[in-house]
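Read the structure below first, then the notes.
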Amino acid sequence: MTSRLLAEAVGYLELGMLQDSWDALEEIPAEERHLPPVLQVRLEIYRRMERYEGMATMAEHLTKQFPEDAQYWISLAYAQRRYLDLQTAEKTLLEAHNRFPEEATISFNLACYACQLGRLDKAREKLAKAIEMEPAFKEAALEDEDLKAIW
């Protein structure tokens, strides 16, 4: 039953039917709502609904439960930037960078944060590292509003 409800929630999510997706997750038995796939869908619903406080709470829980998953750290920083402030998000990403030095998305986001904080040399350094690890970030950087100051 849980797999059917989870598939239903994912389907609604893909269609942009966020409340229906949330409702499908609520039908999952309480003892199974803590499972990672359920929490991942809930995290994405929070993001799409722009409910960043809930997203931050969920992502922080996931970083504690699964500290080896870089995506949860990235999601936490994303939510913190929008819910709290840039400095808090940067602090989270710096910790994530220590854990996952080869994760290009972390370096890219650190470049964005450094640029927004006026540390342009640091932004260029982190961006170069991100592009070295993942060349597709070069095109993304040219379009990213956060990085305008270095172009």
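Rule-based calculations on the coordinates, nothing more; no lab input. All figures in this text were calculated on a predicted structure; none of them were measured in a lab. Note that each Cβ is placed from the backbone with ideal geometry, even for glycine, and that neighbours are counted across all protein chains shown.
Under a Cβ-Cβ cut-off of 10 Å, what is the net charge of the residues other than F137 that fall near it, where Lys and Arg count +1 and Asp and Glu count -1? Present the calculation step by step, with values, prior to reporting the outcome.
Values: positive: K129, K138; negative: E132, E134, E139, D144.
Result for the local shell: -2.
Please report, in Å, the Rg and the Dmax of the chain, where both are computed over Cα atoms only.
Gyration radius and largest Cα-Cα distance of the chain: 16.9, 53 Å.
Between T57 and R99, what is the label-to-label distance in nm when each label sits 7 Å out along the Cα-to-Cβ direction?
2.1 nm
Based on the Cβ-Cβ distance from S3 to Q65, what FRET efficiency comes out when R0 is 22 Å, to the nearest 0.05? Could you put the intermediate results ahead of the total?
Details: r = 21 Å, r/R0 = 0.94.
Approximately 0.60, to the nearest 0.05.
Take the Cα gyration tensor of the stretch 1-49, multiply each eigenvalue by 5, square-root it, and list the three semi-axes largest first, rounded to whole angstrom. Before the final figure, lay out the partial values.
On the way: eigenvalues 50, 25, 13 Å².
Over the Cα atoms of the stretch 1-49, the semi-axes work out to 16, 11, 8 Å.
Given q = 0.14, 0.15, 0.16 Å⁻¹, what are the Debye log10 I(q)/I(0) values for the stretch 101-151, with equal point scatterers placed on the Cα positions and solvent ignored?
-0.25, -0.29, -0.33
Just to confirm the filter: which GluC sites (Glu not before Pro) across the stretch 1-86 are DSSP coil and have at most 15 other Cβ within 10 angstrom of their Cβ? Walk me through the numbers on the way to the answer.
On the way: sites: E8, E14, E26, E27, E31, E32, E44, E50, E53, E60, E68; in loops: E27, E50, E68.
When the GluC sites (Glu not before Pro) of the stretch 1-86 are filtered for loop state and at most 15 Cβ neighbours within 10 Å, E27, E50, E68 remain.
Tell me, what ³J(HN,Hα) does each residue in the stretch 87-97 have, in order and in whole Hz, if you take phi through Karplus 6.51 cos²θ - 1.76 cosθ + 1.60 with θ = phi - 60° and put x for Gly and Pro?
So the Karplus estimates, Gly and Pro as x, are 5, 5, 4, 5, 4, 4, 5, 5, 5, 5, 4 Hz.
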